[in-house]
Amino acid sequence: MYVNVACKALAEGHRLAVECDGTRQVVEVHAVGLSISGNEALLGYIVRNEKGMITGTDAPGWRFLTFDKVEKIDELDELSLAPRREFHRDDARFVRIYRQM
């Protein structure tokens with residue numbers, strides 16, 4: 001289910017709200033697929049957390065998130081700025097990529 005939401009957001013150019021470990025983060029999806037560890041995952045750029053804080057692990061930047069750790073995911077009505085300049089296609093952490101920028 002999360003894979004479908006992430007792929008839809010990527011295709012439509014929208015950001016996602018991803019809740020993981022009790023923190024809700026706004027993510028720009030760049031790739032979705034099956035990781036080398038066998039978990040479905042996304043590669044995304046964290047824009048902000050729900051409180052707008054930019055500290056520690058909540059700081060903006062790249063994250064590889066496996067869906068087994070995701071508690072909730074929602075497509076937002078916010079346009080994504082993806083692809084970010086630092087994005088490289090065909091990330092080696094995936095054995096199969098379902099969709100990417």
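For R24, the conditions (1) modelled with pLDDT of 95 or more; (2) farther than 15 Å from A82 by Cβ; (3) of a type in the set (K, R) are fulfilled apart from (1). Those residues that are over 19 Å from K8 (Cβ atoms) and either touching a residue at least 40 places away in the same chain (Cβ under 8 Å) or assigned to a strand (DSSP E or B) (or both), I need them from segment 72-86; list them, please. R84, the sole residue that qualifies. Where the second residue is assigned to a strand (DSSP E or B) and at pLDDT 95 or above and the first is closer than 11 Å to V47 by Cβ and of a type in the set (D, E) and lies in segment 1-28, which pairs have Cβ atoms under 6 Å and are six or more apart or on separate chains? Note: pairs meeting the criteria are E28/R15; E28/G44; E28/Y45. For T57, the criteria (1) more than 17 Å from M101 (Cα to Cα); (2) at pLDDT below 95; (3) assigned to a strand (DSSP E or B) hold in every case but one, which is (3).
Filtering N4, N39 for residues that are over 18 Å from R89 (Cβ atoms), of a type outside the set (A, V, I, L, M, F, W, C), surrounded by fewer than 23 Cβ atoms within 10 Å (Cβ to Cβ) and touching a helix residue (DSSP H, G or I) at 6+ places or on another chain (Cβ under 6 Å) leaves a single hit, N39.
Scanning for something at positive phi and at pLDDT below 95, does segment 65-81 turn up at least one residue? No, every residue in segment 65-81 fails to be at positive phi and at pLDDT below 95.
Residue-level check: of (1) within 18 Å of I97 (Cα to Cα); (2) in contact with a strand residue (DSSP E or B) (Cβ under 8 Å, 6 or more places away or on another chain); (3) surrounded by fewer than 20 Cβ atoms within 10 Å (Cβ to Cβ); (4) not basic (K, R), G33 misses just (3). Please verify whether I97 is of a type outside the set (D, E) and surrounded by 14 or more Cβ atoms within 10 Å (Cβ to Cβ), treating the condition exactly as stated. Against the criterion (of a type outside the set (D, E) and surrounded by 14 or more Cβ atoms within 10 Å (Cβ to Cβ)), I97 qualifies.
The values are calculated or read from the model by the stated rules, or taken from the named source; none is laboratory data. Nothing here was measured: the structure is a model prediction, and the numbers come from that model. Don't worry about glycine lacking a Cβ; one is built from the backbone with ideal geometry, like all the others, and counts go over all protein chains shown.
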